[in-house]
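Written below as structure tokens is the structure these notes are about.
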Amino acid sequence: MLVVISRTYEEMSRAAGQLVRDRLLQKPNLVLGLATGSTPIGLYQELIRMHREEGLDFSWVTTFNLDEYLGLGPDHPQGYSFFMRENFFKHVNIDPGNIHIPNGLVEPAQIDEYCARYEDEIKNAGGIDLQILGIGRDGHIGFNEPGSSLGSRTRVKTLTAETIQDNARFFERGEEVPCYSITMGVGTVMEAEEIVLLASGQSKAEAICAAIEGGVTAQVTASVIQLHRRVTVFLDDEAASLLKRKDYYNFAAAAERKFEDLRGGRRQ
Ligand code: GLP
């Protein structure tokens, strides 16, 4: 695992953007797993900038989003389809036919079948090459709340009170935050070839410390990345503030940059 600590959110987003661009240049038909939340917005802005200024091409890219609120349709302003369209898709040349986001309006009786189909679609696309993740304050990835099986697949998951409260900021006053979601499972995420996890701000410091330096546990589903063979964690100073081995991560990241040219790729 490589832990890259940047001074600011903007610097962190640029560093993550460079990794995504490198992978996209290596494989133009990249299959990207995408996350929502405020954290990856800077990364999406950086990719949009690269598309506009450098001609970064998304026309062969396929995307799979991690999750969606159950009950919110593709045009609901707080839904993740809307979020992705506004913050990323409509600004780049991605083929709308290659975009996959769980449908929050699926009929309850069809959900199991629907979730199995989402997994099949990922497999049929050749699997996810690069999965982008944020992290919840309780250490969740996607909507895999504490206690989610580390082998879980795409399914319905009930949100914790903390997550509902955290996400209430995106909803109108008085508008109810959904308490169910459809989310890729932890096991689904772990099958990606490569994972990038982003975290910014003091409110994520504890979750990051538990995920990176704590034990692997279903109580902090992000901790499962410790078992993955190819992970880069991008943090700003505040999110990294509780890490005990911060000095080593900085030393290793600097050494890694020196080796990169020689090796022609990232060491894990
Ligand atoms: C939601 C999403 C997660 C995201 C988390 C953190 O719960 N399902 O994928 O990582 O929010 O969001 P933010 O980046 O806004 O803190």
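Assorted remarks:
Yes/no matrix, rows are residues, columns are (1) near the ligand (Cβ under 10 Å from one of its atoms); (2) outside any helix (DSSP H, G or I):
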{"residue": "Ser149", "(1), (2)": "no, yes"}
{"residue": "Val156", "(1), (2)": "no, yes"}
{"residue": "Ile182", "(1), (2)": "no, yes"}
{"residue": "Gly187", "(1), (2)": "no, no"}
{"residue": "Leu198", "(1), (2)": "yes, yes"}
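- Within segment 154-176, the set of residues being surrounded by fewer than 22 Cβ atoms within 10 Å (Cβ to Cβ) and closer than 19 Å to Thr63 by Cβ is empty.
- The single residue among Ala207, Ala168 that is among the hydrophobic types (A, V, I, L, M, F, W, C) and at pLDDT below 95 turns out to be Ala168.
For every residue, the table says whether it meets (1) surrounded by fewer than 19 Cβ atoms within 10 Å (Cβ to Cβ); (2) away from the ligand (no atom under 13 Å from the Cβ); (3) of a type in the set (Lys, Arg); (4) within 15 Å of Gly134 (Cα to Cα).
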position	(1), (2), (3), (4)
Ala222	no, no, no, yes
Val231	no, yes, no, yes
Ser241	yes, yes, no, no
Asp247	yes, yes, no, no
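- Any hit, segment 111-130, residues being modelled with pLDDT of 95 or more, within 19 Å of the chain's Cα centre (by Cα) and within 13 Å of the ligand (Cβ to nearest atom): no
- Here Tyr80 meets the list (1) crowded, with 21+ Cβ neighbours inside 10 Å; (2) more than 22 Å from Met190 (Cβ to Cβ) almost entirely, failing just condition (2).
- Of the residues making up segment 13-29, just one is surrounded by 21 or more Cβ atoms within 10 Å (Cβ to Cβ) and more than 21 Å from Asp261 (Cα to Cα), namely Ser13.
- Helices (runs of 4 or more DSSP H) contained entirely in segment 1-93, each with at least 2 residues that are under 16 Å from the mean Cα position of the chain (by Cα) and away from the ligand (no atom under 16 Å from the Cβ): 9-26
The values are calculated or read from the model by the stated rules, or taken from the named source; none is laboratory data. Since the structure is predicted, the reported quantities are computational estimates derived from the model, not experimental observations. Quick reminder, even Gly has a Cβ in these numbers, built from the backbone with ideal geometry, and neighbours come from all protein chains shown.
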